[in-house]
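Notes follow the structure.
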Amino acid sequence: MRHLLLASTSLFTVLAAAPAWAQPADSLLDELIVTAQKREESVQDVPIAVSAFSQEALKAQGIDGVGNLVQSVPNLTFQRRSLRTNFQIRGVGAQLIAATGDDGVGVHHNNTPLTSNRIAEAEFFDVERVEVLRGPQGTLYGRNATGGVVNVITNKPKNAFAAGVTAEYGNYDSIKAQAFVNLPLGDMFALRVAAFGLDREGYTKNTLNGQRVDGRQIWAGRATLAFEPTDSFRAWALWESFAEDDTRGARKQLCAKDPGLSSVQGVATGAAQAAFNQGCLPASVYGSNVYQTTNQLATFPGILGRQIGLQTVDSLAGATVSRNLREVELAGRPVYRPRSDLYEFNVEWDVTEALKVTSLTSYNENESYSRGDSTGARPTVPFGVTRYTPQGTLTDGQFGTTDRFQAESGGAGHSEQWTQELRLQSNFDGPLNFNVGGIYIDYESSTTTYSASNVTTLATRVLAPTAFVDPSNPPDFTGHNYFISLTEYDLTSKALFGEVYWKATDTLRVTGGLRYTNDKKRTRGSGSTLLAPGRGPTFNALQRVGFEEVTGRLNVDWSPDLSFTDSTLVYASYSKGYKGGGFNPPGVVALGLKPSFAPEFVNAYEIGTKNTLLDGTLILNLTGFYYDYKGYQIARSVNRSIYNENIDATIKGVELESIWEPMQGLRLNANIGYLDTRIDEGRVVDTFNRTRGDATYIYGNATTGGCILNAAGVAAVLRTAAGPSVLSTVACSGPATLTARLTAAGVPAATAASLSSGVYAYGPDVALYSSGAGEGVIQDLEGNRLPAAPKLTVALGAQYRWEMPGGWDATLRGDYYRQSSSYMRYNNNPFDRIRSWENVNASLTFNKADAGVSVQAFVKNLLDDDTIVGFDISDENLGATRNVILLDPRLYGVSITKTF
């Protein structure tokens, strides 16, 4: 509230001081044309909840990339995920993590769907507009999108010469440049070429070597050739390329260390203490105790290290991390190298004055590679002198020679996508019109996830002498001394769709749409080959699945002639969204979990009104919606992999969008969203809170993943002479393995079987692995909120423009955004909560239109808060650390634009 009052007071003071406040309001708001229904219409005439931003609006509001859209669109959130970008609109997005999964919010480029894309890394350059459609798009848009669509429309060539260049310099030695040139090439052709570049230092400091990380080196370019031989035929060929080579990915790890249980029901755990800790305790990212480090004895390499006798104490004992969220400890520099090439060929042919054929053809290729230290801090305990480390050091291909634990993770990916869309659209004078078509998508991808440590390399040599140890750096991903998960995925999607528009009266219009979708998915994956004999991946059998669904929408809109408005549109709609199911990785299937997850569906009901008032100086739009959400796909971490499953939910909310020009030169805007989400049905195991506070059970770790054990049964085993040493290595292995180990240690067979039965004794509320170990106490999610779905989002903006001598004008603008608290996980534990946060941006722009010169000074995150806007939790076998996502720090700079 203090920050809000400060920002509001400062803005009011500046605006109140301007003499033009007394001027009459005689300006009209600019009309923005959108293609939300695959035809050009004024945004105020579209009976859909859509937010649209012209290139000028993007620059004025400081929206240089998709992440900033959240501060201008109601009920929109955005998180950058490992496999894909994750927009959420009205609580609907992609909470699953699977190479075979689909996005909840579709990303489109010139109306073409992009399954893989670089929209999270790239910035907007030379775009005509950006559209955000809210709600299921079950008819016209590429792949069925349950949440909505983000559509980037680029500038097309025109039949007149034009050019422009923008250069920007800001703090963190940020240098940004973009330019375009538009060349008419005779009567039929025109060419437009645009480019973008960014080079800046990182916002994060690596305290181990003093270097900056999380910097950017980005280049992007686009060439568009237009061909218009006649007034009735238009075509565009586009090539867009993107490349990045920088240190993105250095995220702060937070942890409240779990020391492990020293006793169970009064019995000392002894040698088994390390088997009863989960790395990091469940703790809030805002806690004062989270600047510790994970207990490495609970991680996969830590478990192996103590099993072979290399290191029986926590290698990070006593280590802490900086309380500065922008300081990390990394061995080396992170590597992040994505690349993409997009080709489009779009045709519009006016067959007659009333019929138009549109063809959209695209090919998109994406590659990615990332690698970086995942230890979290510099280990405090060296290896010491053992039979494996007679000099106190380890040597392997990935890490060289080191005297203490080191770990890294990363991955690589490649994808290709072909799409072909063909539509026939009418524009008859009569009451009936239509838009019908079909789309074909062929998508192939290969995704590799990688996790390595020097300890696992040693364990491979000791425990699996026939396994190939990769000597190369960087790794070639064929070694069996590190964890590799390789997934190959093919998607073939075909759809037929159509909408009919009936103008019943001059003011009443009905839209009906249907879509038939046929999805065929094929995948094969390699289970973990760590410690396995041989070299390279070992693939499981090919899996196939098909989905056929019919979706659509019904919309009624009314444009009454009201005395108190300039124009009014009232609409009510029903739409159905669908998103296909997919496959779970082999690693979790081996534990007895489901091999696939089901499709999801949204039945969405919406009412809204769009109004232009006060002689065109006020736009006031209001929308209400209700969603019945079935099969919402969610993910959780299991055994260094991901398990996806389905739940049901209800979503409802209200959105307000408004722009007002109360007097000449002054423009105010407000975008407010209220969202109420509720999970109706879902029963899961919380990987990071497996016991859910039930003292009957305790947590146990193993290389196969975490589990829960019966506390009384564990105490009984600990009382035996062999119990502590046996439990230290096989705590989660199941009754058969524990019985065999106890028997081998000298415990009579009948006694061993009875003791094992006690360790794995559970009530009916516990889910079990196929081994018989307890996966965890089942949590009933009913009544919980959906993740990343704040109840309130508020965006307020004000700008004032005034004339200056010499043909110059100046525009002062301020933007305020606030998001209420939310949960990062559907479990809704106290430690899942993200506090409310806010942001203030400001800019001052000087423009001389006749000279084509514009100068802008800007500041973002004026409050300079190190705001946590999200986090994820690493797998148990990787330490269960909280990896936080921060709002960019205070950024300021100056940009100069010259157009010709």
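The values are calculated or read from the model by the stated rules, or taken from the named source; none is laboratory data. Every value quoted in this text rests on a predicted model; they were computed, and no experiment measured them. Cβ placement follows ideal geometry from the backbone for every residue including glycine, while neighbour counts extend to all protein chains displayed.
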Would it be correct to say that TYR760 is within 29 Å of GLY587 (Cβ to Cβ), modelled with pLDDT of 95 or more and crowded, with 19+ Cβ neighbours inside 10 Å?
-> yes
With respect to THR380, is the statement that it is assigned to a loop (DSSP other than H, G, I, E, B), modelled with pLDDT of 95 or more, farther than 30 Å from LEU342 by Cβ and not basic (Lys, Arg) true?
-> yes
Over the range 122-141, the set of residues assigned to a loop (DSSP other than H, G, I, E, B), on the phi < 0 side of the Ramachandran plot and of a type outside the set (D, E, K, R) is ALA122, PHE124, PHE125, PRO136, GLY138, THR139, LEU140, TYR141
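Any chance you could count how many residues in the range 225-243 are farther than 30 Å from VAL351 by Cβ and either at pLDDT below 95 or among the polar types (S, T, N, Q) (or both)? Give the derivation first.
Of all residues in the range 225-243, those farther than 30 Å from VAL351 by Cβ come to 241-243.
Among the residues that remain, those that are also either at pLDDT below 95 or among the polar types (S, T, N, Q) (or both) are: 241.
Selection size over the range 225-243: 1.
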Test set (1) of a type outside the set (Ser, Thr, Tyr); (2) under 30 Å from LEU458 (Cα atoms); (3) crowded, with 18+ Cβ neighbours inside 10 Å - GLY534 fails condition number = (3)
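Within the range 35-69, how many residues turn out to be part of a helix (DSSP H, G or I), aliphatic (A, V, I, L, M) and over 21 Å from TYR141 (Cβ atoms)?
Residues flagged as part of a helix (DSSP H, G or I), aliphatic (A, V, I, L, M) and over 21 Å from TYR141 (Cβ atoms) within the range 35-69 amount to 3.
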Residue pairs qualifying under the 7 Å Cβ cut-off, at least six apart or on distinct chains, with the first in the range 432-461 being among the basic types (Lys, Arg) and the second being at pLDDT 95 or above, are ARG461/VAL469
Qualifying positions in the range 112-121 - within 24 Å of LEU422 (Cα to Cα) and not in a strand (DSSP E or B) = LEU114, THR115, SER116, ASN117
Say we look at the range 553-576 and pick out the residues that are surrounded by 18 or more Cβ atoms within 10 Å (Cβ to Cβ) and small (Gly, Ala, Ser); which of these is nearest to ILE651 (Cα to Cα)?
-> SER575
Which one of these is modelled with pLDDT of 95 or more, buried (at least 16 other Cβ atoms within 10 Å of the Cβ) and hydrophobic (A, V, I, L, M, F, W, C): VAL357, VAL351, VAL347?
-> VAL347
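Take the residues of the range 727-754 that are aliphatic (A, V, I, L, M), within 18 Å of PHE276 (Cα to Cα) and in contact (Cβ under 8 Å) with a residue 24 or more places away in the chain: which is surrounded by the fewest Cβ atoms within 10 Å (Cβ to Cβ)?
Of the residues in the range 727-754, the ones aliphatic (A, V, I, L, M) are 727, 730-731, 736, 738, 740, 742, 744-745, 747, 749-750, 752-753.
Subsequent filtering for residues that are within 18 Å of PHE276 (Cα to Cα) retains 727, 730-731, 738.
Those left that are additionally in contact (Cβ under 8 Å) with a residue 24 or more places away in the chain: 727, 730-731.
Values: LEU727: 29, VAL730: 20, ALA731: 25.
Among them, the one singled out is VAL730.
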Residues being within 18 Å of LEU878 (Cα to Cα) and of a type outside the set (S, T, N, Q) - total across the range 286-311 = 11
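Out of the strands (runs of 3 or more DSSP E) lying entirely within the range 503-586, which hold 3 or more residues that are touching an Asp or Glu at 6+ places or on another chain (Cβ under 6 Å) and basic (Lys, Arg)?
Working: elements: 508-526, 543-558, 567-579.
Ranges flagged: 508-526.
Considering only strands (runs of 3 or more DSSP E) fully contained in the range 197-278, which possess at least 2 residues that are crowded, with 20+ Cβ neighbours inside 10 Å? Walk me through how you get there before you give the answer.
Details: elements: 204-206, 211-213, 216-230, 233-244.
In the range 197-278, the matching strands (runs of 3 or more DSSP E) lie at 204-206, 216-230, 233-244.
Out of curiosity, is ASN277 among the polar types (S, T, N, Q), at pLDDT below 95 and closer than 30 Å to ILE175 by Cβ? Give the steps one after another, and end with the answer.
On the way: among the polar types (S, T, N, Q): yes; at pLDDT below 95: yes; closer than 30 Å to ILE175 by Cβ: no.
No: the conditions fail for ASN277.
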If we keep just the residues of the range 287-314 that are under 28 Å from the mean Cα position of the chain (by Cα) and of a type in the set (Val, Ile, Thr), which is farthest from CYS255 (Cα to Cα)?
-> THR299
Given the conditions (1) farther than 30 Å from THR505 by Cα; (2) in contact (Cβ under 8 Å) with a residue 12 or more places away in the chain, every one holds for SER426 apart from (1)
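Anything in the range 642-669 that is among the hydrophobic types (A, V, I, L, M, F, W, C) and over 30 Å from GLU876 (Cβ atoms)? List them, or say none.
Within the range 642-669, the first condition is being among the hydrophobic types (A, V, I, L, M, F, W, C), and the residues that meet it are 642, 647, 649, 651, 654, 656, 659-660, 663, 666, 668.
Result: ILE651, VAL654, LEU656, ILE659, TRP660, MET663, LEU666, LEU668.
From LEU508, LEU463, which residue is surrounded by fewer than 18 Cβ atoms within 10 Å (Cβ to Cβ), aliphatic (A, V, I, L, M) and modelled with pLDDT of 95 or more? Spell out the reasoning first.
Working: LEU463 fails: modelled with pLDDT of 95 or more.
When all the criteria are applied, what remains is LEU508.
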For the range 689-709, pairs from a residue that is more than 21 Å from PHE831 (Cα to Cα) to a residue that is surrounded by 21 or more Cβ atoms within 10 Å (Cβ to Cβ) and at pLDDT 95 or above, with Cβ under 6 Å and 6 or more apart or across chains, are LEU709/ILE698; LEU709/VAL759
Within the range 861-898, residues being assigned to a strand (DSSP E or B), touching a helix residue (DSSP H, G or I) at 6+ places or on another chain (Cβ under 9 Å) and among the polar types (S, T, N, Q) number 2
Checking LYS521 against (1) in contact with a strand residue (DSSP E or B) (Cβ under 7 Å, 6 or more places away or on another chain); (2) surrounded by fewer than 16 Cβ atoms within 10 Å (Cβ to Cβ), the condition it does not meet | (2)
Could you tell me whether the range 716-728 includes any residue that is closer than 21 Å to ALA695 by Cα, of a type in the set (D, E, K, R) and out of contact with any Ser or Thr (no Cβ under 6 Å at 6 or more places or on another chain)?
-> yes
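State which residue is surrounded by the most Cβ atoms within 10 Å (Cβ to Cβ) when the search covers only the range 385-411 and only residues that are within 24 Å of SER370 (Cα to Cα) and aromatic (Phe, Trp, Tyr).
So the residue we want is PHE405.
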Selection over the range 441-461 where residues are more than 30 Å from LEU360 (Cβ to Cβ), part of a strand (DSSP E or B) and among the aliphatic types (A, V, I, L, M) yields a count of 1
Using the structure shown, decide if GLY592 is on the phi > 0 side of the Ramachandran plot and touching a residue at least 12 places away in the same chain (Cβ under 8 Å).
-> yes
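If you take just the strands (runs of 3 or more DSSP E) that sit entirely in the range 609-721, which of them hold at least 1 residues that are surrounded by 22 or more Cβ atoms within 10 Å (Cβ to Cβ), out of contact with any Leu (no Cβ under 9 Å at 6 or more places or on another chain) and of a type in the set (Val, Ile, Thr)? Before you say what the answer is, go through the steps one by one.
Values: elements: 618-638, 641-663, 666-681, 683-685, 697-700, 707-710.
Strands (runs of 3 or more DSSP E) meeting the threshold: 683-685, 707-710.
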Within the range 833-860, count every residue that is part of a strand (DSSP E or B), among the aliphatic types (A, V, I, L, M) and surrounded by fewer than 20 Cβ atoms within 10 Å (Cβ to Cβ).
-> 5
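For ASP780, state whether it is closer than 30 Å to GLY870 by Cβ and surrounded by fewer than 20 Cβ atoms within 10 Å (Cβ to Cβ). Even if it seems obvious, please write down each step before you answer.
Working: closer than 30 Å to GLY870 by Cβ: yes; surrounded by fewer than 20 Cβ atoms within 10 Å (Cβ to Cβ): yes.
Yes.
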